[in-house]
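What follows is one structure encoded as structure tokens, with my remarks underneath.
Read-outs throughout are calculated quantities, based only on the coordinates presented, and are distinct from any laboratory measurement. Quick caveat: nothing in here was measured; it's all calculated off a predicted structure. Glycine also receives a Cβ, built like all others from the backbone with ideal geometry; neighbour counts cover every protein chain displayed.
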Amino acid sequence: MLLKEYVSNNSKISIFEKYAIFSVAKGRKLDQTVANEIRTALKIHYPRSPFVIIREELHELEVDFSVYKKRAMRNLKGLAIVSSNEAVRKRAIEEQSLFDDSFAFFTSIDDAKSWADTFVFI
């Protein structure tokens, strides 16, 4: 069940019990500014609780890989990227090496949600 939704000029974040889904606005880059905006919302809802992030890429997105260097949320346990674009899948392979926890790529948001629901947090 959707608990909260944040929408800004940069991104849209949907908060659920075990995971959050976010997308970056068309024409924006996933950089430190956008990442900090997303982290702020996530810290409100998951201050200590473990959770998973699903990034839904609805359009071509440029990602600044430095967003992975500032990993301030130790309770983030997984990252899924959702896109039907082959170029995004190839970039996701590069991103996977920058993320230390569970990482997955899906072509369907429903498959990503199902994956996130399999996490058991103790």
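Within segment 35-67, can you find the residues that are out of contact with any helix residue (DSSP H, G or I) (no Cβ under 8 Å at 6 or more places or on another chain) and β-branched (Val, Ile, Thr)?
Ile38, Thr40, Ile44, listed by residue number.
Looking at segment 18-45, which of the residues that are part of a strand (DSSP E or B) and touching a residue at least 60 places away in the same chain (Cβ under 8 Å) is nearest to Val82 (Cα to Cα)?
Residue satisfying both the conditions and the ranking: Ile21.
Of the numbered conditions (1) closer than 22 Å to Asp111 by Cβ; (2) loosely packed, with under 13 Cβ neighbours inside 10 Å, Ile44 fails exactly one; give the number of that condition.
Among (1) closer than 22 Å to Asp111 by Cβ; (2) loosely packed, with under 13 Cβ neighbours inside 10 Å, Ile44 violates only (1).
Here is a yes/no grid of residues against (1) among the acidic types (Asp, Glu); (2) over 11 Å from the mean Cα position of the chain (by Cα):
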residue	(1), (2)
Met1	no, yes
Glu5	yes, yes
Ser8	no, yes
Ser23	no, no
Lys43	no, yes
Glu56	yes, no
Lys70	no, yes
